[in-house]
Number of protein chains: 2
Amino acid sequence: MKRGFARHRPLPAAAPPQSARGKRRAPVVHEEVYARLKRAIIDGQLAPGRALSVRTLASQFSVSAMPARESIRRLVALGALEMTPTRRIMIARMTPSKVEELTDARLPLEARLAVRALERTAANLRKREALIARLSKIDMRLDRAIERGDVGAYSKANSDFHFALYAAAEAPALLGVVEGLWLQIGPFMRVVIERLGASTMVDQHKEAIDALAAGDAKKLENAIRLDILEGMSKIGEASGKV
Amino acid sequence: MKRGFARHRPLPAAAPPQSARGKRRAPVVHEEVYARLKRAIIDGQLAPGRALSVRTLASQFSVSAMPARESIRRLVALGALEMTPTRRIMIARMTPSKVEELTDARLPLEARLAVRALERTAANLRKREALIARLSKIDMRLDRAIERGDVGAYSKANSDFHFALYAAAEAPALLGVVEGLWLQIGPFMRVVIERLGASTMVDQHKEAIDALAAGDAKKLENAIRLDILEGMSKIGEASGKV
DNA sequence: GCAAGGAGAATGTGATCACGATTACCGGGC
DNA sequence: GCCCGGTAATCGTGATCACATTCTCCTTGC
């Protein structure tokens with residue numbers, strides 16, 4: 001195989017320069033660029049191996065090269081973007097061993113975050129109910145995405161579900177680490193869903209919600225672990241061919 | 001307390017521009033700057049709250065502002081550096097809850113890396129012996145540092161020990177995550193050692209080496225977990241006062 | 001003696017240019 | 001038809017400038 005990487009194409013997330021929104025000065029341009037690019041990656045809108053460049057990104061976001069450079073630099077540091085030996089930039093590729101390592105990291109970390117979310121809402125059941133309501137709503141959105149076969153919406157709803165749960169753990173440092181893992185996984189999750197079809201995806205979301213409602217930490221942990229294992233095994237099967 | 005942060009002082013690691021080492025052209029300036037700054041942080045050479053600035057860093061490394069900016073951007077992304085609301089940069093501070101979260105992350109991840117190192121050398125005992133020899137050597141260096149009361153050497157030897165072990169796991173993605181954790185912990189480890197004195201530090205390094213030699217995964221995992229718990233509990237006690 | 005205020009220094013950020021290396025593209029030769 | 005080679009476009013990187021904001025520190029007024 002050539003191992004070359006894809007030509008530049010317009011970024012799907014590249015919204016217009018939003019001149020309509022008035023004079024609301026941007027809260028530091030490069031933060032905005034970074035946030036949108038990060039979101040696009042986690043949600044799987046960018047395929048692995050997809051090429052990026054400072055100037056291209058800059059023009060797609062209608063900013064100068066500087067903010068684009070900084071956003072790219074950050075995402076390379078987090079492992080979401082990859083640099084070739086000749087310093088070209090692309091969405092990170094996946095390898096079977098990387099899938100294995102990331103699974104190793106996700107299992108204990110996300111299980112811990114889930115249990116922490118349970119613990120954090122133990123003293124405040126109203127909070128827990130609100131969390132459950134939020135998760136249920138996201139999960140319904142996810143089901144609708146499956147029905148419609150909308151891969152993009154599915155991918156986004158899936159990450160939304162996990163992070164809504166983890167956010168309730170109130171553990172920003174841990175959350176940051178996990179977010180870094182998702183930044184590396186997002187693109188493949190999407191590829192896998194696209195290839196297998198959203199309807200073939202199974203998850204343990206309803207089990208997780210039940211465990212949360214029952215206050216059963218062990219059950220919740222199992223649901224999360226199983227959810228991760230199922231998803232990652234699918235990625236693993238496909239990772240050799242991406 | 002004022003919560004202001006320390007004035008700029010020369011960076012301890014700021015070696016001369018090394019014009020002596022021949023014409024060996026730098027492999028991209030900002031990589032070099034980043035690597036040295038990262039090393040200085042992990043080894044605990046920079047105190048929490050210590051101020052950094054683009055221009056200061058640049059002049060200390062005898063480079064222009066550009067490579068300094070990029071290095072700082074990367075380390076902020078990794079959580080090693082912190083930005084105040086007014087966008088000043090400093091070595092990240094520690095809080096008790098952050099210690100707890102980072103401990104949660106370190107325990108399973110580093111235990112896994114250690115066990116992986118054991119597994120990886122199971123089929124190649126020469127490799128394992130070489131690893132044990134390397135670790136023993138580092139541990140002796142660590143003992144000497146304790147005798148001399150050399151806090152800097154102790155701090156460096158300690159991180160060297162862990163990463164020498166983890167490197168043998170041959171899991172770059174996992175290692176990257178753990179390195180990110182150490183980037184956040186390094187500065188405090190140093191502060192704690194300095195405050196309590198290197199001689200009060202205990203570790204489970206010899207137990208880990210024994211477990212490695214015996215091929216006992218369970219014992220190795222316990223040694224690593226205990227080593228982490230001991231170290232982090234010391235950081236936790238002090239973290240309120242940093 | 002001390003707090004308030006203002007002048008000046010320092011800071012992060014964005015923009016732009018130059019340079020050397022790398023890549024992509026197109027045409028000619030086999 | 002296919003491969004090779006040269007040329008032009010594109011790339012990451014480093015440097016430097018301008019600007020608004022923030023911080024420092026000293027003076028002034030009470």
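Filtering A:203, A:210, A:227 for residues that are under 24 Å from residue A:130 (Cα atoms) and either outside the structural domain of residue A:146 (by TED's automatic domain parsing) or not in a helix (DSSP H, G or I) (or both) leaves a single hit, A:203. Counting only residues that are away from DNA strand D (no atom under 11 Å from the Cβ), more than 14 Å from chain A (Cβ to nearest Cβ) and in contact with a helix residue (DSSP H, G or I) (Cβ under 7 Å, 6 or more places away or on another chain), region B:54-76 holds 1 of them.
All conditions but one from (1) crowded, with 19+ Cβ neighbours inside 10 Å; (2) within 9 Å of chain A (Cβ to nearest Cβ) apply to residue B:97; the one that does not is (1).
One residue alone among B:125, B:46, B:37, B:107 is closer than 25 Å to residue B:181 by Cβ, away from DNA strand D (no atom under 12 Å from the Cβ) and modelled with pLDDT under 95, and that residue is B:46. Filtered by the rule that a residue be in a helix (DSSP H, G or I), away from chain A (no Cβ under 14 Å) and crowded, with 20+ Cβ neighbours inside 10 Å, region B:161-191 gives B:161, B:162, B:165, B:186, B:187, B:189, B:190, B:191. For the condition more than 28 Å from residue A:69 (Cβ to Cβ), of a type in the set (Gly, Ala, Ser) and more than 17 Å from the chain's Cα centre (by Cα), what is the one hit in B:53, B:62, B:97? None of the others qualify; the one that does is B:97. Checked against (1) within 18 Å of the chain's Cα centre (by Cα); (2) within 15 Å of DNA strand C (Cβ to nearest atom); (3) not basic (Lys, Arg), residue A:41 passes all but a single condition, namely (2).
Look through B:132, B:138, B:146 and report the one residue that is closer than 20 Å to residue B:169 by Cβ, under 19 Å from the mean Cα position of the chain (by Cα), of a type in the set (Val, Ile, Thr) and away from DNA strand C (no atom under 16 Å from the Cβ). Before the answer, list the steps.
Values: B:132 fails: under 19 Å from the mean Cα position of the chain (by Cα); B:146 fails: closer than 20 Å to residue B:169 by Cβ.
Step by step, each of B:132, B:138, B:146 is checked, and only B:138 is closer than 20 Å to residue B:169 by Cβ, under 19 Å from the mean Cα position of the chain (by Cα), of a type in the set (Val, Ile, Thr) and away from DNA strand C (no atom under 16 Å from the Cβ).
From the list A:232, A:201, the one residue that fits, being away from chain B (no Cβ under 14 Å), touching a residue at least 40 places away in the same chain (Cβ under 8 Å) and touching a helix residue (DSSP H, G or I) at 6+ places or on another chain (Cβ under 9 Å), is A:201. Considered as a group, the residues in region A:77-94 that are part of a strand (DSSP E or B) and surrounded by fewer than 19 Cβ atoms within 10 Å (Cβ to Cβ) include one that is farthest from the other protein chains (Cβ to nearest Cβ), and that residue is A:82.
The values are calculated or read from the model by the stated rules, or taken from the named source; none is laboratory data. Since the model is a prediction, treat every value here as computed from it, not as a measurement. Cβ coordinates were reconstructed from backbone atoms using ideal geometry, including for glycine residues, and neighbour counts include every protein chain displayed.
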